[in-house]
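These notes are about the structure you will find just below.
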Amino acid sequence: MGAVTVSWIDEFESRLAELGEASLLRRRRVVVPETGARLTVDGQSMLAFCSNDYLGLAGDPALRAAAHAAIDAYGIGSGASPMVSGHSAANAALEDELAAFVQLPKALYFYAGFATNASIVPALVGPGDAMFSDELNHASLIDGMRLSKARIQRYEHANLERLEAQLAASTAPRKLVLTDAVFSMDGDVADVPGLRALCEKYDALLLIDDAHGFGVLGPQGRGVLAAAGLTGAQASRRVIYMATLSKALGVAGAFVAGDAVVIEWLLQKTRSYTFATAAPALLAEAVRAGLREVAQPQGDARRAALQARIAQLREGLAPARHPEIAAVGWQLLKSDTAIQPLIIGDNAASLQLMDALREAGLWVPAIRPPTVPAGTARLRIALSAAHTEADVALLVDTLRRLAAASLPS
């Protein structure tokens with residue numbers, strides 16, 4: 001009899017078991033929106049602190065009405081890539097409005113944020129060029145860097161002295177610095193003026209991913225560049241601004257904006273733009289409605305409500321006032337944004353805390369490696385203008401109760 005051949009496909013079961021033993025298996029939940037910040041999760045009504053819908057626009061009546069009207073005018077799908085027949089009048093109008101909103105010369109609208117970053121980086125640099133990346137950048141930027149085949153140099157999170165040393169030592173003909181604006185798992189904000197100054201000094205381009213700041217930061221929610229006063233007449237040709245439309249805008253997709261010549265180059269050379277079907281007009285019209293909501297006075301009211309909930313949570317979990325939080329070893333990272341990470345440390349412990357909160361009717365996701373560094377498993381508390389004062393008070397009280405219950409008696 002011949003030898004029994006073992007295929008590598010048989011390894012998947014054991015590899016999945018290893019993930020389970022390390023508390024790294026992930027599970028999808030089936031959700032149905034309710035009102036406010038509530039979701040039905042696997043059939044259970046829960047108060048959710050897991051959504052990036054920072055301004056509560058995902059279910060807004062104005063956005064719903066815009067999408068319904070667009071279906072009547074355009075139908076459902078876009079039919080083809082933007083380069084063929086998918087660039088609808090709605091998509092074209094949206095690009096003009098996005099550029100005007102962020103006060104940059106030109107914008108390009110994409111169907112998805114991950115695909116945007118993964119494709120614009122290889123369109124900007126290639127073999128022989130150099131990239132300089134904050135070590136906590138989002139996976140989409142990391143994948144874009146890998147696809148580009150340019151040399152990757154990572155610098156310690158937010159360490160501009162290290163970045164400058166790397167830039168000064170580089171002899172590459174083209175240099176690209178990449179950074180999140182608001183870091184998605186820590187919630188802190190990049191030093192955009194400092195980064196721009198280094199790029200001006202060392203002839204580099206700066207790609208900023210403002211997925212979690214657009215709509216929330218800056219005057220009228222115009223984003224991290226506007227917050228730093230680096231738009232309009234103060235805009236730099238070296239800065240390429242990217243943001244998603246699925247978070248504070250409550251819809252889907254992304255855009256990139258900047259110097260008109262650079263954006264035209266990206267239009268010509270970005271593979272996920274050329275070879276993917278365009279976003280449907282119904283989404284573009286919903287985004288246009290979201291932009292109007294964000295820019296109007298009610299947008300300021302939503303941002304003020306969000307800031308009030310951030311302050312309430314941070315005060316409620318402050319170790320000085322509530323020592324049980326510190327005593328159990330949990331650490332709330334410093335963040336002034338809607339992303340409030342509570343570091344637990346151990347993977348299994350973070351899952352246990354998530355499950356305890358779920359039993360109390362609260363959905364707060366546990367985030368584990370490789371999304372975050374080993375030993376820093378956490379609850380990622382995402383706040384929204386849709387949360388009420390009572391919602392946040394319930395979360396704070398429940399966390400403090402669970403912390404006290406876990407202390408030695």
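The values are calculated or read from the model by the stated rules, or taken from the named source; none is laboratory data. Everything numeric here is computed off the predicted structure, so don't read it as measured data. Note that we place each Cβ from the backbone using ideal geometry, even for glycine, and neighbour counts take in every protein chain shown. Note: areas computed on protein heavy atoms with side chains; ligands, DNA, RNA excluded. Shrake-Rupley method; radii C 1.70, N 1.55, O 1.52, S 1.80 Å.
Counting only residues at least eight positions apart within a chain, or on another chain, the aspartates and glutamates with an alpha carbon under 14 Å from that of K201 are E161, E164. Sorting D186, D346 by accessible area puts them as D346, D186; the probe is 1.4 Å, largest comes first, and only protein heavy atoms count.
Spin-label model, D346 to T277: label points 7 Å out along the Cα-to-beta-carbon direction sit 4.8 nm apart.
Roughly how many percent of the accessible protein surface of the chain is carbon and sulfur, given a 1.4 Å probe and a whole-percent answer? Of the solvent-accessible surface of the chain, carbon and sulfur hold 55 percent. The alpha-carbon of K334 sits under 28 angstrom from the alpha-carbons of these lysines, leaving out residues fewer than 8 places away in its chain: K247.
For the pair E34 and A169, a Förster radius of 41 Å applied to the C-beta separation gives a FRET efficiency near 0.15, rounded to the nearest 0.05. The solvent-accessible area of E135, taken with every protein chain present and a 1.4 Å probe, is close to 100 Å².
Reachable lysines from K149, Cα under 19 Å, same-chain residues fewer than 8 places away excluded? Partners found: K175, K269. By definition, a body whose alpha carbon gyration tensor gives a ≥ b ≥ c is rounded when a/c is under 1.5, and the chain falls into this rounded group. Ignoring everything except DSSP H segments at least 4 long, calculate the 222 nm mean residue ellipticity for the chain; use -39,500 (n - 2.57) per segment, divide by total residues, nearest 500. Rounded to the nearest 500, the figure is -12500 deg cm²/dmol.
About the centre of its Cα atoms, the chain shows a dipole size close to 300 debye [charges on the beta carbon of Lys, Arg (+1) and Asp, Glu (-1) only; nearest 20 debye].
The gain in end-to-end length when the E200 to R292 segment is fully stretched comes to 29.8 nm, 0.36 nm per residue minus the alpha carbon separation. The charge dipole of the stretch 72-165, taken about its Cα centre with unit charges on the Cβ of Lys, Arg, Asp and Glu (plus for the first two, minus for the last two), comes to roughly 360 debye. Rolling a 1.4 Å probe over the protein heavy atoms leaves S51 with an accessible area of roughly 50 Å². Once the C-beta distance of L267 and S7 is scaled by a Förster radius of 41 Å, the resulting FRET efficiency is 0.40 to the nearest 0.05.
Other residues lying with their Cβ under 11 Å from the Cβ of P373 contribute a combined charge of 0, Lys and Arg counting +1, Asp and Glu -1. In terms of its C-alpha gyration tensor, the stretch 348-409 has an oblate overall shape, because the principal axis ratio a/c (a ≥ b ≥ c, square roots of the eigenvalues) is not below 1.5 and a/b does not outweigh b/c.
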